[in-house]
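Quick one: the structure is below, and I'll ask about it shortly.
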Amino acid sequence: MPNPSPWQHHRQAGLADDIDFEIKGQELQFLEIELDPGESAVAEAGALVWKDAAVGMTTVFGDGSGGSDGSFMGKLLGAGKRLVTGESLFTTVFTHNGRGKARVAFASPTPGAILPIRLDQVGRRLICQKDSFLAAAKGVSIGVHFQQRIMTGLFGGEGFIMQKLEGDGWVFVQMGGTIVERELAPGEQLHVDTGCVAAYTDTVDFDLERAGGVRSILFGGEGLFFARLTGPGKVWIQSLPFSRLAGRMLAAAGSRGGQNRGEGSVLGGLGDLIGGNN
């Protein structure tokens, strides 16, 4: 996998706006997108770092794609999907309204890496953690993906509700820590902590598997379940999911006189185990 810092791209044909971009930095990266007149990028609210004055900002309902027909109901459905994944009902569209080239930059709110993925090179659909989306070329659809199996739905924790990015253009996903990319052959399986599954292509089968016996559950320090990913397809693994980092910070704050959100509660502790936070 190429080193994503700096990561540069120059345009090629596609249905979505084919933006040029560069990813700068190492552990605390930011994304710089270069737009031609009339081109647009879509980003989460609060991700902006800076922009040229010729780049205008518009808050839109949903993900900016407008659904298949651009109708109000299509936009409403898109906004509802974003709400389910814990995101805002609105996104911000950045459009170059002037002449020549103009740039706009975005940054992830957490330490880690920004990974650029062109959807038409991974089957036009990417499944990722529900807080992974940072920005995209206008025309990419941001939806929700529910794990279908009953066991995954009941015990999946972070891996239950995920984002679904569809289209043929560039998407930029934020991942915690270091990124590892694995190409799985047909039938090849990989076991991953649920929180560390950053993204995978739609051809990969996602299920849960119970982790070991009673002793490993009680004393092993790992969750009750891990994700079982079966190829063919690509999988991206993040070494430090934000939920794990946040859990450590809360635990450290609690040990100095405060109380961790899960302390004193059997259900809270079980939720931490299932979510892969311990």
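What does the highest-first list of 183-196, 26-39 look like by mean Cβ count within 10 Å?
In descending order of packing, they fall as 26-39, 183-196.
Something else now. Work out the FRET efficiency for Asn97 and Asp120 from their Cβ-Cβ distance, taking R0 = 35 Å, and round it to the nearest 0.05.
The formula returns an efficiency of 0.80 here.
Also, quick follow-up: How large a share of the accessible area of the range 163-207, in percent, is made up of carbon and sulfur atoms when the probe is 1.4 Å and the other protein chains stay in place?
The computed percentage sits at 47.
The values are calculated or read from the model by the stated rules, or taken from the named source; none is laboratory data. No experiment lies behind these values; they were computed from the predicted model shown. Quick reminder, even Gly has a Cβ in these numbers, built from the backbone with ideal geometry, and neighbours come from all protein chains shown. The accessibility values were calculated without ligands, DNA or RNA, using every heavy atom of the protein model including side chains. Shrake-Rupley method; radii C 1.70, N 1.55, O 1.52, S 1.80 Å.
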